[in-house]
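K.L.:
My structure is below; once you've seen it, I'll send some questions.
The values are calculated or read from the model by the stated rules, or taken from the named source; none is laboratory data. Small disclaimer: the values here were computed from a predicted structure and weren't measured. Cβ atoms come from the backbone with ideal geometry, glycine included; neighbour counts cover every protein chain shown. Surface accessibility is based on the protein's heavy atoms, side chains included, excluding ligands, DNA and RNA. Shrake-Rupley method; radii C 1.70, N 1.55, O 1.52, S 1.80 Å.
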Amino acid sequence: MQKQGSNSRKRVSRVFPQGIAFNQEYSFVHSPELRRQLNNAKRIVVKIGTDVITKNSNPLDKELDLAAMRHIVRQIGALHSNFGKQVIIVTSGAVGSGKNVLSNAGKNVPSDITGLRLAKLHAAVGQPALMQQYVKLFDGLKKGIAVAQVLPSRNDFNERNTKIVVPEFQQGIEDMLKTGIIPIINENDPLSTA
């Protein structure tokens, strides 16, 4: 599980490595060099952090920011459909989403569930809600785009599993991309051991 950073959406948040970034209005930042890099790229990995797709700075009250997600999805959809780019999304936000889902459902977490156990619980509840929003938003584009959920755990990439799991993981991602599906990757936090 990745520790939440102190990034604010008011600062530039790098979403497209080596190329495009969203500024505070979620608009593309353009420069000839960035445009060249993006034009030459066949595949783009987009990292979407929790602070980019949630409202509220209070870590106990994260709520998915559907307007921000919609804007990001539209731009990723344009890269995919209009420019023929293969896009892989690496997302965060399941833990924050889960906190909000439990809060909205009026669920009180028992006081003995704390720390990593609590984060795992939030992630387990939040991952379906997060993925549901991605599916809904990508499906709602003019040219609906299929997405797939990929939830590897850190253990999948340990030394013992590297020869078996990593090639299977890579092949699965390649098959999705060849089929025109956008993989959405998030760590399988409920199974995480660290």
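K.L.:
With each label point set 7 Å from Cα along the Cα-Cβ vector, what nm distance links GLU159 and SER31?
P.N.:
Here the answer is 4.1 nm between the modelled labels.
K.L.:
Name the residues of the stretch 161-192 whose amide N is less than 18 Å from a point 7 angstrom out from the Cα of ALA146 along the C-beta direction?
P.N.:
Counting backbone N atoms under 18 Å from the label point, the list is 171-185.
K.L.:
Taking all protein chains in place and a 1.4 Å probe, what share, in percent, of the accessible surface of the stretch 42-123 do carbon and sulfur account for?
P.N.:
Here it works out to 54 percent.
K.L.:
What number comes out for accessible area per residue over the stretch 134-194 if the probe is 1.4 Å? Units Å², please.
P.N.:
Accessible area per residue: 62 Å².
K.L.:
Let me ask something additional. If packing is taken as the average count of other Cβ atoms within 10 Å, what order do 180-190, 94-104 fall into, highest mean first?
P.N.:
94-104, 180-190
K.L.:
Turning to a different aspect of this structure: If you average 1/r over every pair of different alpha-carbon atoms in the stretch 92-140 and take one over that average, what Kirkwood value in Å do you get?
P.N.:
Values: mean 1/r = 0.0896 Å⁻¹.
For the stretch 92-140, inverting the mean 1/r across all distinct Cα pairs yields 11.2 Å.
K.L.:
Regarding the stretch 67-149, what are the three Cα extents along the principal axes, ordered largest first, in Å?
P.N.:
Ordered largest first, the stretch 67-149 gives principal extents of 50, 21, 18 Å.
K.L.:
Now a separate question. Determine how large the accessible area of ARG74 is when every protein chain is in place; take a 1.4 Å probe and give Å² rounded to the nearest 10.
P.N.:
Number for this one is 130 Å².
K.L.:
Also, I was wondering about something else. Measure off 7 Å from each Cα along the Cα-to-Cβ vector at ARG74 and LEU102, then give the distance between these two points in nanometres to one decimal.
P.N.:
Each label point is offset 7 Å from its Cα along the Cβ direction, giving 3.4 nm.
K.L.:
Given the stretch 37-108, what count of lysine pairs have C-alpha atoms under 28 Å apart, with each pair 8 or more places apart or on different chains?
P.N.:
Eligible lysine pairs with Cα atoms under 28 Å apart amount to 10.
K.L.:
Equivalent-ellipsoid semi-axes (√(5λ), Cα gyration tensor) for the stretch 139-184, whole Å, largest first?
P.N.:
Semi-axis lengths for the stretch 139-184 are 27, 11, 4 Å.
K.L.:
Give me the one-decimal nm value for the distance between modelled label points at LYS85 and GLN170, 7 Å along each residue's Cα-to-Cβ direction.
P.N.:
2.3
K.L.:
Please say if the stretch 84-194 is rounded, prolate or oblate, where rounded means a/c under 1.5 for a ≥ b ≥ c the square roots of the C-alpha gyration tensor eigenvalues, and otherwise the choice is prolate for a/b larger than b/c and oblate otherwise?
P.N.:
Verdict is oblate for the stretch 84-194.
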